[in-house]
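A.B. asks: To start, I am sharing the structure in question, which I have written as structure tokens.
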Amino acid sequence: MADMNTCDTQTTPLLSVRDVVKTYGARTGCADVSFDLYPGEVMGIVGESGSGKSTLLNCLAGHLEPDQGQVLFDTRTGGLTDTLTMSEPERRVLSRTEWAFVHQHARDGLRMSVSAGGNVGERLMAVGARRYDTIRAQAIDWLGRVEIGEDRVDDRPSAFSGGMQQRLQIARNLVTGPRLVFMDEPTGGLDVSVQARLLDLLRGLVREMGLSAIIVTHDLAVVRLLADRLMVMKDGRVVEAGLTDQVLDDPQHAYTQLLVSSVLQV
């Protein structure tokens, strides 16, 4: 069951994925995945290691090129446009303005040699901000929104804890008000108490900003807290999909039942 279109009240999806396939030689990364994501909606993707969830996310975000399929985004000027056929400059603009990507390891999404304020400011400068005082003020404001004190604005990320680095990466990504955020295991590798704090922060920001998001995780507690809808992947294919509570409370596929019952370690 790879197609999941359950939002009848909306006419135009923000993202429309059609028959995406990615292979690595004889191995399938993901196969025949289709779904629509609507404005303000959060989609969770779960599965064990090697299930294809991260491959799919990277295909959607433009980090990998699918072998076939379409990834249509509702652009402000041209409506639904296949991002896979865009020119490289067009994709870069999209990634700087309308999209954001939160990496599992914050170091992959930060410039570790640049101050916390500089990391946030760089994203603003990429969309045309030029006044230093305005950029700094916005950086301080966003650091505050992710619970990093103003007194740390000139500190480098290497001086931060893992949880603080992840919160800084979130500030860097969201400061420009993207419409779609890709998250790859955003709480992975963090202590349980730090995870809870970060999840609470993410939930508040997603709702406050009306973000659409796609979250890849192995943690069912993460998707239950954040995701409106859920896709379960196994061996590169979507085996079950639907409203998050419905899938987790009444799983139909045997693999999903294993995930929910924690018999299978993911």
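All of the numbers you see were taken from the coordinates with simple rules; none came from a lab. Values in this document were obtained by computation on a predicted structure and should not be read as measured data. Note: ideal-geometry Cβ built from the backbone for every residue, glycine included; neighbour counts use all protein chains shown.
A.B. asks: Give me the distance in nm between label points sitting 7 Å out from Cα along the Cα-to-Cβ direction at residue 257 and residue 91, one decimal.
C.D. replies: Between residue 257 and residue 91, the label points sit 4.1 nm apart.
A.B. asks: What's the longest bit of the chain with no exposed trypsin sites (Lys or Arg not before Pro), using DSSP loop states and at most 10 other Cβ atoms within 10 Å as the test?
C.D. replies: Value returned for the longest uninterrupted segment is 132-266.
A.B. asks: Stick to Cα atoms and the Kirkwood definition of Rh, then tell me Rg/Rh for segment 1-100.
C.D. replies: 0.96
A.B. asks: OK, next. Rank 140, 236, 189 by how far each Cα sits towards the positive end of the charge dipole of the chain (+1 on Lys, Arg Cβ; -1 on Asp, Glu Cβ) and give me just the farthest.
C.D. replies: 140
A.B. asks: Between beta-carbons, use under 10 Å as the cut-off and find the net charge around residue 148, counting Lys and Arg +1, Asp and Glu -1.
C.D. replies: -1
A.B. asks: Work out the length of the dipole vector of segment 73-160 about its Cα centre, built from +1 on the beta-carbon of each Lys and Arg and -1 on the beta-carbon of each Asp and Glu, and round it to the nearest 20 debye.
C.D. replies: 200 debye
A.B. asks: Taking the Cβ of residue 180 as the centre, find all other residues whose Cβ is under 11 Å away and add up their charges (Lys, Arg: +1; Asp, Glu: -1).
C.D. replies: -2
A.B. asks: With everything on Cα atoms, drop me the angle between helix 192-209 and the longest principal axis of the chain, reported from 0 to 90° to the nearest 10.
C.D. replies: The angle comes out near 90 degrees.
A.B. asks: A further question on this structure: About its Cα centre, what dipole magnitude does the chain give when the only charges are +1 on Lys and Arg Cβ and -1 on Asp and Glu Cβ, stated in debye to the nearest 20? Don't skip to the answer; put the middle values down first.
C.D. replies: On the way: 27 positive and 35 negative charges, 166 e Å.
Dipole about the Cα centre, nearest 20: 800 debye.
A.B. asks: Name the residue, out of 165, 70, 246, whose mean-square fluctuation peaks in a Gaussian network model built on the chain with Cα pairs under 10 Å.
C.D. replies: 246
A.B. asks: A further question follows. HN-Hα J couplings of segment 137-153 from phi, Karplus 6.51/-1.76/1.60, θ = phi - 60°, integer Hz, Gly and Pro as x?
C.D. replies: Couplings: 5, 5, 5, 5, 4, 6, 4, x, 5, 9, 6, 10, x, 4, 5, 9, 4 Hz.
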